[in-house]
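Chemist: Here's a structure for you.
The values are calculated or read from the model by the stated rules, or taken from the named source; none is laboratory data. Every value quoted in this text rests on a predicted model; they were computed, and no experiment measured them. A quick note on method: Cβ atoms are made from the backbone with ideal geometry, for glycine too, and the neighbour counts reach across all protein chains shown. Heads up: the accessible areas ignore ligands, DNA and RNA and are worked out on the full protein's heavy atoms, side chains in. Shrake-Rupley method; radii C 1.70, N 1.55, O 1.52, S 1.80 Å.
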Amino acid sequence: MTSTLFITGATSGFGEACARRFARDGWALVLTGRREARLQALAEELSAYTEVHPLVLDVRDRQAMEQAIAGLPEKFTRLRGLINNAGLALGTDPAPRCSLDDWEVMVDTNIKGLLYSTRLLLPRLIAYGRGAGIVNLGSVAGHWPYPGSHVYGATKAFVRQFSLNLRNDLVGTGVRVTDLEPGLCESEFSLVRFGGDRERYEATYAGAEPIQPEDIAETIHWILNQPAHININTLELMPVSQTWAGFAIDRSRSAS
Ligand SMILES: NC(=O)c1ccc[n+]([C@@H]2O[C@H](COP(=O)([O-])OP(=O)(O)OC[C@H]3O[C@@H](n4cnc5c(N)ncnc54)[C@H](OP(=O)(O)O)[C@@H]3O)[C@@H](O)[C@H]2O)c1
């Protein structure tokens, strides 16, 4: 029976690139996302290589997640991998000017959605045992602060700590857990973050030679294909063009 990989957020960016990468190796795929037309088109394309089960759902909808996972067809139940990828950032305004609604969407998607898929799929991963693995999409924002990152960065700090804690609870099961922490990657992520502002989106990546979704897919492919006795705990990557800014210092109190 083929190994199955469950990917949340497969309609663009990393999730889509992972679906393509693993399809080439013949993994059966369960692909999720809210944009039905994109999901169906990808499922149709990849079904030339492997078995694909598209699930149109919102990871924030716990009931929908429970129903979809309970109803997985038999041939997709031998779960070897879970890529908790669905996620987003909304806005970069300073905290006092942010919308509380946006903060809630980030918490509900990046934290609660990830918890639903993890908890609901853990029994299947444990049943697979040695060789199974979860890759959670954290971010450099989870441990490097930057202006405007507030709740987004905090959700990714949650993902990092949850991933490490989960490893402890899975000892003896053979199931691996990785927190993958990318820096600047070119995807619709920034289009979503900037509310569809294409100019700002393009300016984000201009001249920076950012990481591409295919680079992330290769990294995840490497993580999930490590020998069964190896766990990549955390892995941070940035494009060479990206480094850290210095400390910000408020000098408005200096004598004039
Ligand atoms: N790009 C970066 O620079 C970067 C860096 C570090 C970490 N990350 C993280 O990597 C992950 C993937 O990002 P990406 O760059 O590939 O962004 P992307 O191209 O915008 O893809 C995000 C995916 O998440 C899905 N998604 C968002 N909200 C969802 C919801 N409520 N329910 C179901 N699916 C949902 C989207 O699908 P639908 O809209 O169709 O639902 C889409 O497939 C995210 O967790 C992000 O935080 C990105």
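Chemist: Return the only residue of D61, D93, D101 being within 11 Å of the ligand (Cβ to nearest atom) and over 30 Å from G174 (Cβ atoms).
Modeler: Just one listed residue meets the conditions, D61.
Chemist: Same structure, new question: In this structure, does R160 turn out to be crowded, with 18+ Cβ neighbours inside 10 Å, of a type outside the set (S, T, Y), within 14 Å of the ligand (Cβ to nearest atom) and within 13 Å of the chain's Cα centre (by Cα)?
Modeler: yes
Chemist: For Q40, indicate whether it is among the polar types (S, T, N, Q), assigned to a helix (DSSP H, G or I), open to solvent by 10 Å² or more (accessible area, probe 1.4 Å) and within 12 Å of the ligand (Cβ to nearest atom).
Modeler: yes
Chemist: Right, something else. Tell me, please, whether a residue that is open to solvent by less than 60 Å² (accessible area, probe 1.4 Å), in a strand (DSSP E or B) and within 12 Å of the ligand (Cβ to nearest atom) can be found in segment 194-212.
Modeler: For segment 194-212, residues open to solvent by less than 60 Å² (accessible area, probe 1.4 Å), in a strand (DSSP E or B) and within 12 Å of the ligand (Cβ to nearest atom): present.
Chemist: Could you list, in sequence order, all residues of segment 2-33 that are hydrophobic (A, V, I, L, M, F, W, C) and either outside any strand (DSSP E or B) or within 7 Å of the ligand (Cβ to nearest atom) (or both)?
Modeler: A10, F14, A17, C18, A19, F22, A23, W27, listed by residue number.
Chemist: Answer yes or no: is there a residue in segment 226-241 that is over 19 Å from G142 (Cβ atoms) and assigned to a helix (DSSP H, G or I).
Modeler: no
Chemist: Okay, moving on. Starting from residues that are touching a strand residue (DSSP E or B) at 6+ places or on another chain (Cβ under 6 Å) and either open to solvent by 30 Å² or more (accessible area, probe 1.4 Å) or not aromatic (F, W, Y) (or both), keep the ones in segment 24-36 and report whichever is farthest from D58 (Cα to Cα).
Modeler: A28
Chemist: In addition: Residues of segment 190-247 being under 16 Å from the mean Cα position of the chain (by Cα) and of a type in the set (K, R), which ones?
Modeler: Within segment 190-247, just R193 meets the criteria.
Chemist: So which residues in segment 59-69 are in contact (Cβ under 8 Å) with a residue 40 or more places away in the chain and open to solvent by 50 Å² or more (accessible area, probe 1.4 Å), if there are any at all?
Modeler: Across segment 59-69, the qualifying residues are R60, R62, E66.
Chemist: Can you find a residue in segment 173-193 that is in contact (Cβ under 8 Å) with a residue 40 or more places away in the chain, within 13 Å of the ligand (Cβ to nearest atom) and open to solvent by 60 Å² or more (accessible area, probe 1.4 Å)?
Modeler: Looking for residues that are in contact (Cβ under 8 Å) with a residue 40 or more places away in the chain, within 13 Å of the ligand (Cβ to nearest atom) and open to solvent by 60 Å² or more (accessible area, probe 1.4 Å), one finds at least one in segment 173-193, hence yes.
Chemist: In segment 111-154, which residue that is β-branched (V, I, T), over 18 Å from I7 (Cβ atoms) and in contact with a Ser or Thr (Cβ under 8 Å, 6 or more places away or on another chain) is least open to solvent (accessible area, probe 1.4 Å)?
Modeler: I111
Chemist: Going by the conditions given, is A89 of a type in the set (G, A, S) and closer than 26 Å to R20 by Cα?
Modeler: Judged against the criteria, A89 is a match.
Chemist: I've got another one for you. Return the residues of segment 70-97 that are buried (at least 18 other Cβ atoms within 10 Å of the Cβ) and out of contact with any His (no Cβ under 8 Å at 6 or more places or on another chain); say none if nothing qualifies.
Modeler: If the condition is that a residue be buried (at least 18 other Cβ atoms within 10 Å of the Cβ) and out of contact with any His (no Cβ under 8 Å at 6 or more places or on another chain), then L79, R80, G81, L82, I83, N84, N85, A86, G87, A89, L90, G91 are the ones that fit.
Chemist: Here's a follow-up. If T173 satisfies all but one of (1) farther than 24 Å from Y116 by Cβ; (2) assigned to a loop (DSSP other than H, G, I, E, B), what's the number of the condition it fails?
Modeler: All conditions are met except number (1).
Chemist: Away from the ligand (no atom under 16 Å from the Cβ), open to solvent by 90 Å² or more (accessible area, probe 1.4 Å) and within 21 Å of I7 (Cβ to Cβ) - does that describe any residue in segment 236-251?
Modeler: No.
Chemist: Another question, if that's okay. Does H221 fit the bill of being of a type outside the set (V, I, T), in a loop (DSSP other than H, G, I, E, B) and over 24 Å from R119 (Cβ atoms)?
Modeler: Taking the combined requirement at face value, the residue does not satisfy it.
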